[in-house]
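Written out below as structure tokens is the structure these notes cover.
The values are calculated or read from the model by the stated rules, or taken from the named source; none is laboratory data. Keep in mind it's a predicted model, so treat the numbers as computed, not measured. Backbone-built Cβ (ideal geometry, glycine too); neighbour counts: all protein chains shown.
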Number of protein chains: 4
Amino acid sequence: MVKLKWGLVGGGEGSQIGPAHRLGAQADGLFTLTAGALDHDADRGRAFAQDLGIASDRAYGDWAEMLAAESAREDRVDLVTVATPNATHFEITKAFLQAGFHVLCEKPMTMTVAEAEEIVQTVAETGKICAVNYCYSAYPLVREMRRMVTDGEIGKVRLVVTNFSHGHHADAADADNPRLRWRYDPAMAGVSGQFADCGIHALHMAGFICNDQVTALQADFASTVASRTLEDDAMVNFRMQGGTVGRLWTSSVALGRQHGFDIQVFGETGGLRWASEQPNQVLYTPLNGRTQIIEKGEGGLSDEAARLSRVPIAHPEGFPLAVANIYVDLAASIRGQPHGALPTAEDGLRSIAAIHQAVISARDDGAWVDARPPSLRGQ
Amino acid sequence: MVKLKWGLVGGGEGSQIGPAHRLGAQADGLFTLTAGALDHDADRGRAFAQDLGIASDRAYGDWAEMLAAESAREDRVDLVTVATPNATHFEITKAFLQAGFHVLCEKPMTMTVAEAEEIVQTVAETGKICAVNYCYSAYPLVREMRRMVTDGEIGKVRLVVTNFSHGHHADAADADNPRLRWRYDPAMAGVSGQFADCGIHALHMAGFICNDQVTALQADFASTVASRTLEDDAMVNFRMQGGTVGRLWTSSVALGRQHGFDIQVFGETGGLRWASEQPNQVLYTPLNGRTQIIEKGEGGLSDEAARLSRVPIAHPEGFPLAVANIYVDLAASIRGQPHGALPTAEDGLRSIAAIHQAVISARDDGAWVDARPPSLRGQ
Amino acid sequence: MVKLKWGLVGGGEGSQIGPAHRLGAQADGLFTLTAGALDHDADRGRAFAQDLGIASDRAYGDWAEMLAAESAREDRVDLVTVATPNATHFEITKAFLQAGFHVLCEKPMTMTVAEAEEIVQTVAETGKICAVNYCYSAYPLVREMRRMVTDGEIGKVRLVVTNFSHGHHADAADADNPRLRWRYDPAMAGVSGQFADCGIHALHMAGFICNDQVTALQADFASTVASRTLEDDAMVNFRMQGGTVGRLWTSSVALGRQHGFDIQVFGETGGLRWASEQPNQVLYTPLNGRTQIIEKGEGGLSDEAARLSRVPIAHPEGFPLAVANIYVDLAASIRGQPHGALPTAEDGLRSIAAIHQAVISARDDGAWVDARPPSLRGQ
Amino acid sequence: MVKLKWGLVGGGEGSQIGPAHRLGAQADGLFTLTAGALDHDADRGRAFAQDLGIASDRAYGDWAEMLAAESAREDRVDLVTVATPNATHFEITKAFLQAGFHVLCEKPMTMTVAEAEEIVQTVAETGKICAVNYCYSAYPLVREMRRMVTDGEIGKVRLVVTNFSHGHHADAADADNPRLRWRYDPAMAGVSGQFADCGIHALHMAGFICNDQVTALQADFASTVASRTLEDDAMVNFRMQGGTVGRLWTSSVALGRQHGFDIQVFGETGGLRWASEQPNQVLYTPLNGRTQIIEKGEGGLSDEAARLSRVPIAHPEGFPLAVANIYVDLAASIRGQPHGALPTAEDGLRSIAAIHQAVISARDDGAWVDARPPSLRGQ
């Protein structure tokens, strides 16, 4: 089986997400890092690309150069990952899709709903894969929860409660720290702070596990650190198409929470609980029964959960391998093989719409609003 | 030190809360169960009272008989606990207060805000103690958290996140179970189901630990089981007088949560986390420091936390002894000795008002409302 | 139901174990503290007894005075608890038994095996109850584990692994602290330090839950703090009559362990795990099945587990109420009613023998020795 | 930076450890899988090698062919991993070392002490790297614990308590399961079952974290399933050169333990606790202070711990990336760059000696024996 050729845009030296993508794409021997435009500083990007083993003629100075050159090659890369600053995702993703490349885009897919609608439209026109890196959905036990819900093992889902809260932005003295400041400044971060940064992962996960869509929401946003314009704490209540009630809390000032991303799904005949800091276990409580601990790798899990884990039961697999699972499914998808439920451009669109609608609700004292993008309201 | 004489109204055979009160009052040898009107069936109540060691002339058929007889005695009881069905709390509590008895009333103190205002007025007129059994506030480490917050050890409190959620009412087939049915029927339970039953403990705790008052709130209520009129799941956002943002989730259909009452308090310089199922530990995270585990009974805790625990570090003390701590403080209060912060009739009033206002908000699509009773809005 | 009359020897002001006994005896309204010889300082003891509500004529100056006076009364106490310094347990317990009183003795029952044999003999002769306060065995879920094992729910027990380890004696600078020093000085503590103090609880629990007896053992003792003569850390391997293999670790220098008493029982068809810091849950893993969480108070537990808990599921009950459960069963036993498995004088004897034999093994480089007292080796 | 060329012996299709090595070597882009003799079936091995992207001329039928061919190439592989059945490790490892290759050998390095001495000798003669895959030692927080101990942050280490226990071999009906049977059959597994399989990881870890060597030990072995000749449960007490007392329990019949590998290190001024199922946290308790949670990725950790983690705090990294860290350090070591403490052939030798000595002790009723190989007893 020949490895697929992989191109990376962004993710240069010092990038936070770059290492996870490089590991994710290469861990299982499915992709070879073949081309890259890794840095906004062209020379640094070319040098780092060659450090990583990319041939000099495919170590590009910027993404446009890469697009032109790769488009012209017969041995063009099979997949392009876009891991650049948020505001550039739209333009780059659209361009590569239009040129006939498959794309994995970091979240957020775009800054505006209109842009996101364009990406969805482009995917429809080109037939190319456009996945968005909601990588938490690729943990084996998250896939297993989705399967359990879909197969009716917990009955109709009444309630989803999720949060994604940390305390790493709690220090008010950090106001001028450039690593943080942009996140709460609308000029750089867009309409939303913490909800767009972390909360949206939780909202995506709710839809993913329930195999359902968020239709309405209301939001309460707070900027608990005085210097911030955008919210650093948010509560979002929502409803799903199937009637499920949702509760989502997200915060960046929750001192003591390191990475408090968990989700609880409560159905008519069972409940599930998963947390990202211990991703290899799910608590499952059947109605009128005892809570059971489901372990990654135990006998009897679905083929998909088994396929996405690499080492035996109780040998933990963590975040980088959840990213790797996205690449596992992308490789299968590119090759036309069976694969699991990848997060799509439509997921990206729904997320952008939900962020913008939550902002509107928060400004309107928590009024209920339609959570969906205009193009999907009839559905 | 002579024991105090204790009278109990309600809490008869088979009562769920009766055992906790009997244990709470007697565990530390502070009170003797001296008089009682324990059951709505007068004969059963008298018989059970005598089984519990109450003299036959103080084993009463109903509370009115008890009120009359005890009022006429020179050796009248020092404290009356009211543990009857909710709708009767107001009448009984008011009558005993007016007759000059100290009262510990089960929650809810009353069914309406007007009644609660009357109790507060009665307390002011009589000078008697009226405590409400928000017993979670009497755990040693809860008192310690309140002290830490009050002493500024976590800075100004930005955010409180609390929930009180269980799954014991998740079985739809239980709709006709009389133990559950009344809770979701407005004719019996009043205006609110799960929020009034459990959520209000969490709201009280937020105010108690922060030493602050809830001023505004908005609510999203859901009845996830079709047969129910009142809510079995609720999300309440709130604001406190000092500016703190609050988030409170409560549910009775959260399968897998047994007694999910926890509270997290996030300040400018530290965070705290406590959970009722492991009440002998608090997680404390100072800004820019590591999370620490505070243990009940460790050296260096406040005198109050030390006074309210009985056995050494890591020997767990549970719920019945939290109730006992309410009695410890009541005994001290009755004797005019120093004691901790008992939940008062004003707390009862604020709670009733918050419940009624949350119902109004929930009916009005989550509009923000004043959480306070009319008499306390100017404050 | 008239309360039983209770007498207490030792447990005076400042005693560590006294409060647990007073609470344990009185929490459920079963006993009235009627007589006491609470302190080696007669005046202090009498004053404290009266503070606790004991009538002045039954507030004794010492245990001999109490023995004489109570023996002469028609309304003598129904039960005497012996909570004095260890070296005095034998003499006092024996005297009260011989005078016809039921006794609850703190552990260790005696200092020597010969003394323990005498107590067992005395019990046989008098027909009186002599219980030893191995109170951990009275937690509802410990009783449930015993029932599960006895009923064959985990099959033949292959292996028991238990430890009781803390770090509260880890500070070498504490060498002269009188609260600690005696524990490691053979002149005051006897032949063993940490194993006799804590480890023996774990050894008793192994026998209790497995409903079996330890027959052989080997020990490795260490004094990790230079100033100590007796061991502060010990590992004991053992075998039970039914063939079960046992492993027991106990330490007082395990910094970070607060009260690390846990026990794991592994049978042919299931495993159990319980820990004293979260005594209201047991983990149960059936062969080829998932781990389940058993909760105190859940439906379907045995009558005995139900009888020994007071408040609903997930409302924690702690150490003082385990002691109270010993008194619950003592009251039933005194009244000739059905009750659970109280720790007996024979248990006390087996414990003393095991301690002495472990010391012999440790001195003999871990040689295997018979763990049983001479009188029980034929069995 | 040109990637290193990597050769793999064993680890073919269906191998349990093969995937972890392939992921470990390739995850960080440091090695390219260049040559392989993956299967005892030559054709299957060649086909699978080519599936994995190995060129056909370097997809070998067996290790001898690979040795000959690679030795003859100028572009020979830089590292050979030996992941074959245990009994073959010695021969293959020795041959590649002698031919001038660096080797990473799976544990156990050899079957006998004499063989292990030969490997150590061969390393000394050739100057090549021979690492043994005690990969748990490469978790970032394990390295941090070693650093803390070495820097004296918990004082002189008094006590190490570790266990590695699971219940995956608890089913007696599994006696004929070929996946399990060989493990308890001396003809296939050698002198020891569970202690050699899992326990030895714990013993290595004790030495690794304490930066000390085990000098003496005593063992109690049990075969709790009747069909087994070798032990499925063992307790080993040991002493280290610096005086530390050690306790090690290992079991394969501990139903409910999935992968119970944890280690506690207790020093004069602090305690540490780490568990392999949550490898991204360490509990640290300073003398007279509160327990603190150390998180992988937190600020202030050592350079080495930082270097060996890839994603931010609270994003878990699991077992496959611990294996990858072995390869990270091997790459650095091959390149002559600074690197952390890799497990060496001497570690492998000490482990084999300890296994053989434990067997002797167990047969001799737990007599204390020298734990060291003959060549290292003088040290």
*asked:* It is to be established whether one or more residues within segment D:315-332 are in a loop (DSSP other than H, G, I, E, B), away from chain A (no Cβ under 14 Å) and surrounded by fewer than 24 Cβ atoms within 10 Å (Cβ to Cβ).
replied: no
*If only one of A:THR150, A:THR126 is in contact with a helix residue (DSSP H, G or I) (Cβ under 6 Å, 6 or more places away or on another chain) and of a type outside the set (Phe, Trp, Tyr), which one is it?*
A:THR126
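Could you grab me the full set of residues in segment D:191-224 that are charged (D, E, K, R) and not in a loop (DSSP other than H, G, I, E, B)? Break it down stepwise before answering.
Taking segment D:191-224 and keeping what is charged (D, E, K, R), we get D:197, D:212, D:220.
Scanning segment D:191-224 gives D:ASP197, D:ASP220.
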*Residue by residue through segment B:222-239, note down the ones that are more than 22 Å from the chain's Cα centre (by Cα), over 20 Å from A:VAL236 (Cα atoms) and more than 9 Å from every other protein chain (Cβ to nearest Cβ).*
B:ALA226, B:SER227, B:ARG228, B:THR229
*asked:* Take D:ARG146 and tell me if it is basic (Lys, Arg) and surrounded by 18 or more Cβ atoms within 10 Å (Cβ to Cβ).
replied: yes
*Taking B:THR285 as meeting all but one of (1) among the polar types (S, T, N, Q); (2) surrounded by fewer than 23 Cβ atoms within 10 Å (Cβ to Cβ); (3) more than 19 Å from the chain's Cα centre (by Cα), write down the number of the exception.*
(2)
*Would you point out the residue of segment C:163-190, among those that are in a helix (DSSP H, G or I) and within 30 Å of D:THR162 (Cβ to Cβ), that is farthest from the other protein chains (Cβ to nearest Cβ)?*
C:ALA189
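What are the residues in segment C:9-45 that are hydroxyl-bearing (Ser, Thr, Tyr) and farther than 16 Å from B:ALA25 by Cα, if any? Steps first, answer last, please.
Residues of segment C:9-45 that are hydroxyl-bearing (Ser, Thr, Tyr), as a first pass: C:15, C:32, C:34.
Hits for segment C:9-45 are C:SER15, C:THR34.
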*Find the residue count for segment A:354-376, including only residues that are touching a helix residue (DSSP H, G or I) at 6+ places or on another chain (Cβ under 8 Å) and within 13 Å of chain B (Cβ to nearest Cβ).*
3
*Given the residues C:VAL77, C:VAL103, C:VAL9, C:VAL2, which is the only one that is assigned to a loop (DSSP other than H, G, I, E, B) and modelled with pLDDT of 95 or more?*
C:VAL77
*Please tell me if D:GLU304 is at pLDDT below 95 and either not in a loop (DSSP other than H, G, I, E, B) or not assigned by TED's automatic domain parsing to the domain that holds D:ARG247 (or both).*
yes
_Quick check on B:ALA95: is it among the small types (Gly, Ala, Ser), in the same structural domain as B:ASP212 (by TED's automatic domain parsing), surrounded by fewer than 24 Cβ atoms within 10 Å (Cβ to Cβ) and assigned to a helix (DSSP H, G or I)?_
no
*Any residue at all in segment A:345-364 that is buried (at least 22 other Cβ atoms within 10 Å of the Cβ), over 23 Å from the mean Cα position of the chain (by Cα) and in a loop (DSSP other than H, G, I, E, B)?*
no
*Among the residues of segment C:365-378, write down those that are of a type in the set (Gly, Ala, Ser), in contact with an Asp or Glu (Cβ under 8 Å, 6 or more places away or on another chain) and assigned to a loop (DSSP other than H, G, I, E, B).*
C:GLY366, C:ALA367
_Residue that is among the β-branched types (Val, Ile, Thr) and either closer than 14 Å to A:ARG158 by Cβ or surrounded by fewer than 24 Cβ atoms within 10 Å (Cβ to Cβ) (or both), where the choices are B:VAL191, B:VAL157, B:VAL214_ = B:VAL191
*asked:* Take the conditions within 14 Å of chain D (Cβ to nearest Cβ) and crowded, with 22+ Cβ neighbours inside 10 Å and apply them to C:ILE200. Does it pass?
replied: no
*Which numbered condition A:PRO312 fails, given (1) surrounded by fewer than 21 Cβ atoms within 10 Å (Cβ to Cβ); (2) more than 10 Å from chain D (Cβ to nearest Cβ)*: (2)
*What do you reckon, is D:VAL245 over 18 Å from C:ARG247 (Cα atoms) and β-branched (Val, Ile, Thr)?*
no
*For segment A:76-92, which residues satisfy the criterion of being surrounded by fewer than 23 Cβ atoms within 10 Å (Cβ to Cβ) and touching a Lys or Arg at 6+ places or on another chain (Cβ under 9 Å)?*
A:ARG76, A:ASP78, A:ASN86
*From the residues in segment B:240-289 that are among the small types (Gly, Ala, Ser), assigned to a strand (DSSP E or B) and more than 17 Å from B:ASN211 (Cα to Cα), which one is farthest from the other protein chains (Cβ to nearest Cβ)?*
B:ALA275
*Does at least one position in segment B:317-334 carry a residue that is polar (S, T, N, Q), under 24 Å from the mean Cα position of the chain (by Cα) and more than 27 Å from C:SER165 (Cα to Cα)?*
yes
*Hey, any hits in segment B:139-162 for a residue that's among the basic types (Lys, Arg) and within 14 Å of chain A (Cβ to nearest Cβ)?*
yes
*Before we move on, is B:PHE238 aromatic (Phe, Trp, Tyr) and in contact with a Gly (Cβ under 7 Å, 6 or more places away or on another chain)?*
yes
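Does segment D:143-158 contain at least one residue that is in contact with a His (Cβ under 9 Å, 6 or more places away or on another chain) and either touching a residue at least 40 places away in the same chain (Cβ under 8 Å) or at positive phi (or both)? Spell out how you get there, then give the answer.
Taking segment D:143-158 as the starting set, the residues that turn out to be in contact with a His (Cβ under 9 Å, 6 or more places away or on another chain) are none.
No, the conditions are met nowhere in segment D:143-158.
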_Filter result (over 9 Å from D:GLY12 (Cα atoms) and within 11 Å of chain A (Cβ to nearest Cβ)) within segment D:48-63_ = D:GLN50, D:ASP51, D:LEU52, D:GLY53, D:ILE54
*Of (1) touching a His at 6+ places or on another chain (Cβ under 8 Å); (2) surrounded by fewer than 24 Cβ atoms within 10 Å (Cβ to Cβ), D:SER252 satisfies all except one. Which?*
(2)
*Hits in segment C:7-36 (condition: free of Cβ contacts under 8 Å to residues at least 60 places away in the same chain, facing chain B (nearest Cβ under 10 Å) and either touching a strand residue (DSSP E or B) at 6+ places or on another chain (Cβ under 8 Å) or buried (at least 24 other Cβ atoms within 10 Å of the Cβ) (or both))*: C:ARG22, C:GLN26, C:GLY29, C:THR32, C:LEU33
*Which residues, taken from segment A:20-60, are part of a loop (DSSP other than H, G, I, E, B), over 27 Å from the mean Cα position of the chain (by Cα) and at pLDDT 95 or above?*
A:ALA55
